[in-house]
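The values are calculated or read from the model by the stated rules, or taken from the named source; none is laboratory data. Given the structure is predicted, the values throughout are model-derived calculations rather than measurements. Quick reminder, even Gly has a Cβ in these numbers, built from the backbone with ideal geometry, and neighbours come from all protein chains shown. Keep in mind that these areas ignore ligands, DNA and RNA; they rest on the heavy atoms of the full protein, side chains included. Shrake-Rupley method; radii C 1.70, N 1.55, O 1.52, S 1.80 Å.
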Amino acid sequence: MVRDAAYVGLLLVLQVSALSAQSTANAVYDRVILGGHVIDPASQLDAVRNIGLTGGRIAVVTTHAIRGRDTVDAHGLVVAPGFIDLHAHGQTAETYRFYSLDGVTTALELGTSDVAAWYRERSGGEQINYGVSIGHIKVRMAVMHDSGTWMPVSDGAYRAASPAQIGEIAKRIETGLSEGAVSIGAGFPYTPAATRDELFAVFRVAAMTKTPIHVHIRPGVAGLKEALSLAGETGAALHVVHINSAGLADTPVMLEMITDARAHGRDVTTEAYPYDAGMTEIQSATIQDTYRDSSNERLAELEWPPTGERLNRASFERYSRIGGPVVVHTNTEEMVAVAINSPLTIVASDAYWQSGTGHPRTTGTFARVLGRYVREGLGSPSPEGRGGQGVRLSLMDAIRKMTLLPAQRLEARVPAMHQKGRLRVGADADITIFDPATVIDRSTYREPSLSPVGIQHVIVNGVSVVANGHAVEGVTPGKEVRAPR
Ligand SMILES: [Zn+2]
């Protein structure tokens, strides 16, 4: 009896699999991606497969031969979920194009003061998927009537808020969340006059609305302690942005602190970008407060990008009056490697682009991790590696940091993220196809707009935005990524 049931069951399985093989053979998909080395961190799939796309979604992932109205030949290439950048300052057609050439299919801005307007401005479609946080910095600038355009330079940075103003800041953050912001952004070094009461009020909104708060913390261990304590007391989920530049020499111990918090059940995550210099606005509080009274030796940490010169007292004061981005050389390649190679970190660019110039991370972050860390083994202990103390980053782990981990960071608040960062039937057809043998960044501090090589095809909602290594002009398949309202 038991044997009969098993036999019938086996027959059924054989029939069903024959049927599905047949329907796969008969189907004609919108597009097929053939013969690629498919890497999907969610399922741990790491094998050659064909992928069929229909209606902007993945319809099949199979070893069987499949047909489509359009074919992408992926033989010899890696097929990965499209990269998700949680932290990209620069959300224009120009920067979306940069991000797409680096394999990014979804880029999220860390802060606006008007979420509804931000999405409305992009509702005609963009080259890649886009989304925004409600930003404490921008809200504070509005409430405190700061005179700066992009970063606080007056009362938004330097004046304590009254209890009524704190109430207004919290209310505007709640409004932004009700309009679908994907998270709350904050940057303590840019708002030094914000009191603990004010920051506590912001974290309380995050906790009450179950929204992760993504924080540019104050530097070093003390900065991380402050953010962990605010998150702990309020119960908010905390994401610490670019641990590499927040941590500098303290990066290893700060990664341990986050590991420890997670081991105690806390919802704390972090990210890193693969460059040993940062960049920010010279007029911002974080630069002015640090360098206003410092020696020429210290000022030489700063580089003026248009000329490449290191600053001294006279040039610092001259450029501070003009304003513009400044390169900040305060980290080491070794500390960056510790951050990038850590299993904890999400890869995020912190892209920075203003008036036609910016940081090379804007154009090269993801290709740089794949080329310099995965292929060349930067920071790994192996003989071919160049020093450092990390474990060599595998392709699977690197892709996980670029796809699944950022999707998971947001999916409690943005359920649509369940359909991103994965290559499985039903997922959004956001797909990045690259050559693991050649992928590399090319941009530099002097020439930050150079696109990487080796990112061959980038598909957003089923539509190619990069084909054969070149941007496809005039396509806007990117959709909004937004929390339910
Ligand atoms: Zn940032």
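Looking at 451, 443, which is the one that is outside any helix (DSSP H, G or I), at pLDDT 95 or above, small (Gly, Ala, Ser) and surrounded by fewer than 23 Cβ atoms within 10 Å (Cβ to Cβ)?
451
Only one of these conditions is not met by residue 89: (1) within 16 Å of the ligand (Cβ to nearest atom); (2) at pLDDT 95 or above. Which number is it?
(2)
Of the residues in the stretch 341-375, how many are closer than 14 Å to residue 396 by Cα and touching a Pro at 6+ places or on another chain (Cβ under 6 Å)?
Of the residues in the stretch 341-375, 2 are closer than 14 Å to residue 396 by Cα and touching a Pro at 6+ places or on another chain (Cβ under 6 Å).
Residue pairs, Cβ under 7 Å, 6 or more apart or interchain, first in the stretch 223-247 and within 12 Å of the ligand (Cβ to nearest atom), second open to solvent by 30 Å² or more (accessible area, probe 1.4 Å). List them.
Short answer, once both residue conditions are applied: 246/219.
Would you call residue 219 surrounded by fewer than 21 Cβ atoms within 10 Å (Cβ to Cβ) and either over 21 Å from residue 339 (Cβ atoms) or in contact (Cβ under 8 Å) with a residue 40 or more places away in the chain (or both)?
no
Among 153, 143, 139, which is the only one that is away from the ligand (no atom under 15 Å from the Cβ), among the hydrophobic types (A, V, I, L, M, F, W, C), open to solvent by 10 Å² or more (accessible area, probe 1.4 Å) and closer than 29 Å to residue 98 by Cα?
Criteria check complete, one pass: 153.
Can you name every residue in the stretch 410-429 that is open to solvent by less than 10 Å² (accessible area, probe 1.4 Å) and in a loop (DSSP other than H, G, I, E, B)? Give the steps one after another, and end with the answer.
To start, the set of residues in the stretch 410-429 that are open to solvent by less than 10 Å² (accessible area, probe 1.4 Å) comprises 410, 414, 417, 421, 423, 427, 429.
Scanning the stretch 410-429 gives 414, 421, 423, 427, 429.
Just the residues that are open to solvent by less than 20 Å² (accessible area, probe 1.4 Å) and more than 16 Å from the ligand (Cβ to nearest atom), please, taken from the stretch 105-116.
Across the stretch 105-116, the qualifying residues are 105, 106, 115.
So which helices (runs of 4 or more DSSP H) are wholly in the stretch 289-375 and hold at least 3 residues that are open to solvent by 50 Å² or more (accessible area, probe 1.4 Å) and on the phi < 0 side of the Ramachandran plot? Before the answer, list the steps.
On the way: elements: 296-299, 313-322, 333-341, 361-368.
Fully inside the stretch 289-375 and qualifying: 296-299, 313-322.
Going by the structure shown, is residue 132 buried (at least 18 other Cβ atoms within 10 Å of the Cβ), farther than 30 Å from residue 463 by Cβ and touching a strand residue (DSSP E or B) at 6+ places or on another chain (Cβ under 9 Å)?
The answer is no for residue 132.
Got a number for residues in the stretch 224-241 being on the phi > 0 side of the Ramachandran plot and buried (at least 19 other Cβ atoms within 10 Å of the Cβ)?
The total comes to 0.
Somewhere in the stretch 7-28, is a residue at pLDDT 95 or above and farther than 22 Å from residue 434 by Cα?
Taking every residue of the stretch 7-28 in turn, at least one turns out to be at pLDDT 95 or above and farther than 22 Å from residue 434 by Cα.
Return yes or no: is residue 184 among the β-branched types (Val, Ile, Thr), modelled with pLDDT of 95 or more and within 16 Å of the ligand (Cβ to nearest atom)?
For residue 184, the condition - among the β-branched types (Val, Ile, Thr), modelled with pLDDT of 95 or more and within 16 Å of the ligand (Cβ to nearest atom) - is met.
Could you check the stretch 248-281 and list, in sequence order, the residues that are assigned to a helix (DSSP H, G or I) and closer than 28 Å to residue 445 by Cβ?
248, 249, 250, 251, 252, 254, 255
Would you confirm, using the coordinates I've provided, whether residue 251 is open to solvent by less than 10 Å² (accessible area, probe 1.4 Å) and at pLDDT 95 or above?
So residue 251 fits the description; yes.
Where the second residue is away from the ligand (no atom under 16 Å from the Cβ) and open to solvent by 50 Å² or more (accessible area, probe 1.4 Å) and the first is touching a residue at least 12 places away in the same chain (Cβ under 8 Å) and lies in the stretch 185-200, which pairs have Cβ atoms under 6 Å and are six or more apart or on separate chains?
Listed by first residue and then by second, the contacts come to 193/158; 193/159; 193/160; 195/160.
Per-residue answers, yes or no, for (1) under 12 Å from residue 244 (Cα atoms); (2) in contact (Cβ under 8 Å) with a residue 40 or more places away in the chain; (3) away from the ligand (no atom under 16 Å from the Cβ); (4) among the polar types (S, T, N, Q):
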position	(1), (2), (3), (4)
255	yes, yes, yes, no
270	yes, yes, no, yes
275	yes, yes, no, no
288	no, no, yes, yes
295	no, no, yes, yes
309	no, no, yes, no
318	no, no, yes, no
332	yes, yes, yes, yes
